[in-house]
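Only the coordinates and a few stated rules stand behind these numbers; no lab work does. This structure is a prediction, so every number in the text was calculated from the model and none was measured. Quick reminder, even Gly has a Cβ in these numbers, built from the backbone with ideal geometry, and neighbours come from all protein chains shown.
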C-alpha cells in the first residue's frame, strides 16, 4: 500500500513540475502579467499535465517493449509519433474536461486550441525524449550489471568446480588403496632400484602439490598438465608393471596452450580404473593432442569398453570436468566419447584462443 501511495505521489509531483513550465514561459514573455492570470494558466497546465502524464505513464512502457525489437531509427521515429499522439489525445481529453466544467467560455477555448495543442506536443516530446534516453541508459546499466553478476557467478562456479576437482584428485591420491599401493611399490624398489624409488617419491610429491595448487589455477599450460599426468602414469606403472602401457603424441607447439588443471589427468585416471585395473592382461593408454580447424583436441584413448557421457552420475570426475569446460570456454568446448574395435577415445575440444584465466 505504501509503495503504491509513493508511486502516486511521485507521479503527481513530476507532472506538477512539468506543468510549471508553461506559466514560467508565459511570465518570461510577459513579465508584467498579473498573478491571477499566472495561477489560472498554471491550473490549466496542471490539468493537461496530469492527464497527458497519466496516458504516458500507462502507455509508454508498453510502447517501449513493442518498439525495442525494431531498428533503432524506426524505433525512435515510431516513438516520437506515439508521443505526439499521446499529447494530442491527452490535450483533447483535458479540453473536454474544461468545457464540461465550464472553466472558460467555449469561444475562448477554441481560439486558443492551436496554441494549447502545440504546448502539449512540445512538452510531451521534451519529456518523452528525456524519459527514453534515461530508460535506455538505465537498461544498458542494468544489462551491464547483470553481465557482471553473471561473470562473477561463473567465476565462483569455476572456482568451486576447480576446488571440487582438486579435492577429488587429492582424495584419490591419499585414498588408502592408492597410497598403500604406491608406498608398497616404492618399498619394493628401494633395494632393487633405489633411483627409481626416489623418482616415484618425487612424482608422488609433485602430484600432491599440483592437486593442492590447482585450486588457485583457472587454467594451466598443457605442458604442466602432461607432466603431472605422466607422473601419475609412472606411479601406477610401478604398481601394474607391463600391464600398463602408454604413449604420448603431443606436438611441442601445443604445449603452451591453456587447459583446465587435472583435465587430461582425470581422463587418464578414468582409463586406469576401467581399462587397465579390471583386465588381467592390462591394456594401453594413448594420449594425443592436435589441431582441428578452430579447436584444439585432447584425446585420451584406451583399450577399455568405453562409456556413455550422458549417463555419468553427478559428482563423477568426468562430469565435473565437463562442467568446468562449459564454465571456462562456454559452448565452444565439448567432451565426447567414442568406442569402436575394442578401443575407447575420450576427446576434449577447446577453442584455440586462450581461455580467460580465473584468479
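What FRET efficiency would be calculated for the residue pair residue 292, residue 66, taking the C-beta separation as r and a Förster radius of 45 Å, to the nearest 0.05? Efficiency, from the Cβ-Cβ distance: 0.50. Full extension of the chain between residue 30 and residue 316 yields a length gain of 94.8 nm, computed as 0.36 nm times the residue separation minus the alpha carbon distance.
Residue order for 122, 259, fewest other beta carbons within 10 angstrom first, comes to 122, 259. A convex hull fitted around the alpha carbon atoms of the stretch 271-353 yields 97 Å³ per residue.
Across the stretch 2-149, Cα-Cα pairs farther apart than 26 Å form 34% of the total. A Stokes-Einstein calculation at 37 °C with viscosity 0.692 mPa s, built on the Kirkwood radius of the chain over Cα pairs, returns a diffusion coefficient of 123 µm²/s.
Evaluate the stretch 311-353: find the radius of gyration of its Cα atoms, find its Kirkwood radius, and give the ratio Rg to Rh. Taking Rh as the inverse mean 1/r over Cα pairs, Rg/Rh reads 1.03. Taking the helices alone, the chain has a mean residue ellipticity at 222 nm of -23000 deg cm²/dmol, built from -39,500 (n - 2.57) per DSSP H run of at least 4 residues and averaged over all its residues.
The calculated Kirkwood hydrodynamic radius for the stretch 186-320 is 16.0 Å, given to one decimal from all distinct C-alpha pairs.
Label sites at residue 99 and residue 135, each approximated as a point 7 angstrom past Cα along Cα to Cβ, lie 3.1 nm apart. Extension gain, residue 38 to residue 243: 0.36 nm times the residue separation minus the Cα-Cα distance gives 63.7 nm.
Here the label points at residue 113 and residue 336, each 7 Å from Cα along the C-beta direction, are separated by 7.3 nm in the simple model.
Remark: 269, 319, 299, 192 ranked as 192, 319, 299, 269, counting other beta-carbon atoms within 10 Å and listing the fewest first. Label-to-label distance for residue 80 and residue 307 is 6.4 nm, based on points extended 7 Å past Cα in the beta-carbon direction.
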